[in-house]
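Structure, as structure tokens:
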Amino acid sequence: MLLAGYDWVMDILVAGGHGQIALRLLKLLAADGHTARGLIRKPEQAADLTAVGAVPVIGDLENDPSLAPYVKGSDAVVFAAGAGPGSGPARKRTVDLGGAIKLADAAMSEGVTRYVMVSSIGAQDPSSAGPTMQPYLEAKAEADAYVIGSGLDCTIVRPGSLTDDPGTGLVTVTRDLGNRGPVPRDDVAAVLAACLVTPTTIGVTFELFAGDTPIPEALKL
């Protein structure tokens, strides 16, 4: 449902639309009456988006020269894409970093000002991670910095360790970076949806964990 006090609807493009968090987010956005569009590379994934009420948009985040045709007409964009744990450092640069930059550039070119980024805990200090995680966190840190420096109305969300536990709607949100803890994917999606209709989250970077504070209250940053 829409948060109390907010009743507008939007066209929202979610990059990485077939991801586990993205599908949850698209379902929430569609249920709230928004036009929820998911950018996906594989046409065979389209049915999964349609099943949650979303509009599939076929495009290649990694290889298309511009994402502007997909961003056109949006009111907001969400970057929820990732190269995945099985990918090497090169794809983390082209997807986690390059894709985020490409989405930001498309948003700016199309006059779309609102950008919500799914980042990662640890991105404030990639050098403290092991050799497997460091390239990923470096890509996330550079992507976050680019989006923050772009002038877009951005929110950077850094979730903790992702779980498939049922969402509770209760979270811990902190602007003090460097913490650790789990968070259900359900609650990450709910927080992303709430950020899109909570203007006070603009210009904020925060970490997100399971907790005991209702999401609307936790986002009073």
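Using the reciprocal of the averaged 1/r over all distinct C-alpha pairs, how large is the Kirkwood radius of region 1-127 in Å? Let's see the in-between values first.
Numbers: mean 1/r = 0.0671 Å⁻¹.
After inverting the mean inverse Cα-Cα distance, the result is 14.9 Å.
R0 = 30 Å: FRET efficiency of Thr94 with Ser128, Cβ-based, nearest 0.05? Walk me through the numbers before you get to the answer.
Details: r = 24 Å, r/R0 = 0.80.
Calculated value: 0.80.
Dimensions of the chain along principal axes (Cα, Å, largest first)?
40, 40, 33
Contour minus end-to-end for Lys72 and Lys220, with contour as 0.36 nm per residue of separation and end-to-end as the Cα-Cα distance?
So the chain would gain 50.3 nm between Lys72 and Lys220.
Can you list which of the DSSP-assigned H helices in the chain have a Cα extent of 15 Å or more along the long axis and an average Kyte-Doolittle score of at least 0.0? If you can, show how the numbers build up before the last one.
Working: long enough: 20-31 (17 Å, 1.42); 98-110 (18 Å, 0.38); 134-149 (22 Å, -0.17); 185-196 (17 Å, 1.18).
Span-like helices here: 20-31, 98-110, 185-196.
Tell me what the chain gives for mean residue ellipticity at 222 nm when only DSSP H runs of n ≥ 4 count, each as -39,500 (n - 2.57), the sum divided by the residue total, rounded to 500 deg cm²/dmol.
About -9000 deg cm²/dmol.
Measure of size requested: the Rg and Dmax of region 61-122, with Cα atoms as the atom set and Å as the unit; please supply both.
11.9, 35
Laboratory data are not the source of any read-out in this text; all were calculated from the coordinates shown. Not measured: the values here are computed from a predicted model. For neighbour counting, all protein chains shown are included, and Cβ atoms are generated from backbone atoms with ideal geometry for every residue, glycine included.
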